[in-house]
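One structure is given below, encoded as structure tokens.
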Amino acid sequence: MSVAGRDAITPLDVAIVGGGLCGLALANSLNAQGLSQAVYEARDRLGGRILSPRAINNGLALDMGAAWFWPANQPRMVRLLGDLKLASFPQHDTGRISQLVNADGAPRIVDVDDLHNGAWRIEGGAGSVIDALVARLPTTALHRGYVLESLCEQSQHIELRFGSTGGPVTVWAHQVVLALPPRLVEERLAFEPPLNGQLRERLRETPTWMAGQAKLAVAYGGPDGVSEDGMSRAAFWREEGLSGNGLASYPRAALGEVHDACDALGFRAAFNAFFALPADIRAQFRQGLPLLAVSQLAQWFGRRAQAGEVHLHDWAEEPWTCATLDRMPLEEHPDYGDPVLSVPAWQGRLHFGGSETAAHGGGYMEGALEAAARLRREILVSRVTLGEGAGP
């Protein structure tokens, strides 16, 4: 068994488990404090529920996870983008909306003002935020492919045991942050001593936002903004006076909603859509799912919608995002910010993070940043309480 940390004897000040937006934002703030810290991520990539691959043909960043933020009431995102010098732009809402009310009929065209309630998108995709945060951290502090299996409370630190491609790894840290969906913490991790019953219950009862969802992205044309035949604009729906937004309300629709996902100027074109089928049904039709989805796009926007580059990402199939209970569809946005999850356990050494623990913006990128700010305060207070000092 190998040992990871500052060395085999001295524990880290802070071990952060989870390399999503919350964990990386926290790592940046602790790094600025001069604390010894490291991030451990189970996946082979960082970003958590933020994932923005590039389309092959037109180079557009396709947000397969988190995509929107709302400047009017999400100030942490606004400040972070300014700090990282990343540009943003309003979600395209200009034009008419296509509504499907049955499986075979033509769409009903309606006018809806500001469907997205002032949502904005990030130039280069939400993944550019992750890239910028990672670039500010020392590479030695970032560990991918580390699957946390158990935690054991010691008198002066916590022992973490990971599985990795190189075999079992043990890490020691004075404080540990679980920047993970609460349900995954309760379902996947072993604690010695066990967490108390109330805490386990609250972890289990906190749904992971969008964990059971799947997204489709379809990109059109090339980087010059014209269609494949070179005869028209790639965002053909805009030429027809449509917003690129569509809703479907009939039973068993493959997609529930679709949105314009072009770049800021509308040159590089794409749709982004959410599946309406629940996770278990998607699993039954996995092979034919892209064809079903693209056929519905054609019902919304005509045959040209079928001639794009298709990307599909099912978050319910990601074991480090979706807990068993998260496979059940959510009917509405949960009420996040349970105060029990903002109280450190194990004498103030064990902290619970992730967007779902935030009192404001829970489930969204804003919530991840609010949770990171709370965790920073908790850690500094705990260091004083535990006699470890406020600084390094």
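The values are calculated or read from the model by the stated rules, or taken from the named source; none is laboratory data. All values reported here derive from a predicted model rather than from experimental measurement. Here the Cβ positions follow ideal geometry from the backbone for every residue, glycine too, while neighbour counts run over all protein chains shown.
Results, tabulated for the structure shown:
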{"item": "Tabulated pairs, the stretch 297-315, first among the aromatic types (Phe, Trp, Tyr), second in a strand (DSSP E or B), C-beta under 6 angstrom, 6+ apart or interchain", "result": "300/98; 300/246"}
{"item": "Selection count where residues are out of contact with any Pro (no Cβ under 7 Å at 6 or more places or on another chain) and within 18 Å of residue 250 (Cα to Cα), scope the stretch 300-334", "result": "2"}
{"item": "Which numbered condition residue 201 misses (of (1) surrounded by 15 or more Cβ atoms within 10 Å (Cβ to Cβ); (2) in the same structural domain as residue 21 (by TED's automatic domain parsing); (3) outside any loop (DSSP other than H, G, I, E, B))", "result": "(1)"}
{"item": "From 143, 92, residue being surrounded by 14 or more Cβ atoms within 10 Å (Cβ to Cβ), touching an Asp or Glu at 6+ places or on another chain (Cβ under 9 Å) and in a strand (DSSP E or B)", "result": "143"}
{"item": "Residue ID - surrounded by the most Cβ atoms within 10 Å (Cβ to Cβ), chosen from residues in the stretch 214-255 that are of a type in the set (S, T, N, Q) and modelled with pLDDT of 85 or more", "result": "245"}
{"item": "Residues of the stretch 318-352 satisfying the condition of being part of a helix (DSSP H, G or I), surrounded by 14 or more Cβ atoms within 10 Å (Cβ to Cβ) and of a type outside the set (Val, Ile, Thr)", "result": "325, 326, 327, 341, 342"}
{"item": "Residue tally, condition closer than 19 Å to residue 57 by Cβ and either touching a Gly at 6+ places or on another chain (Cβ under 9 Å) or not assigned by TED's automatic domain parsing to the domain that holds residue 104 (or both), over the stretch 290-310", "result": "4"}
{"item": "Selected residue (criterion: surrounded by the most Cβ atoms within 10 Å (Cβ to Cβ)) from residues of the stretch 353-388 that are in contact (Cβ under 8 Å) with a residue 12 or more places away in the chain, small (Gly, Ala, Ser) and not in a helix (DSSP H, G or I)", "result": "354"}
{"item": "Unmet criterion (only one of (1) touching a helix residue (DSSP H, G or I) at 6+ places or on another chain (Cβ under 9 Å); (2) modelled with pLDDT under 95; (3) surrounded by 18 or more Cβ atoms within 10 Å (Cβ to Cβ)) for residue 106", "result": "(3)"}
{"item": "Of all residues making up the stretch 258-275, the number that are crowded, with 17+ Cβ neighbours inside 10 Å and within 15 Å of residue 300 (Cα to Cα)", "result": "8"}
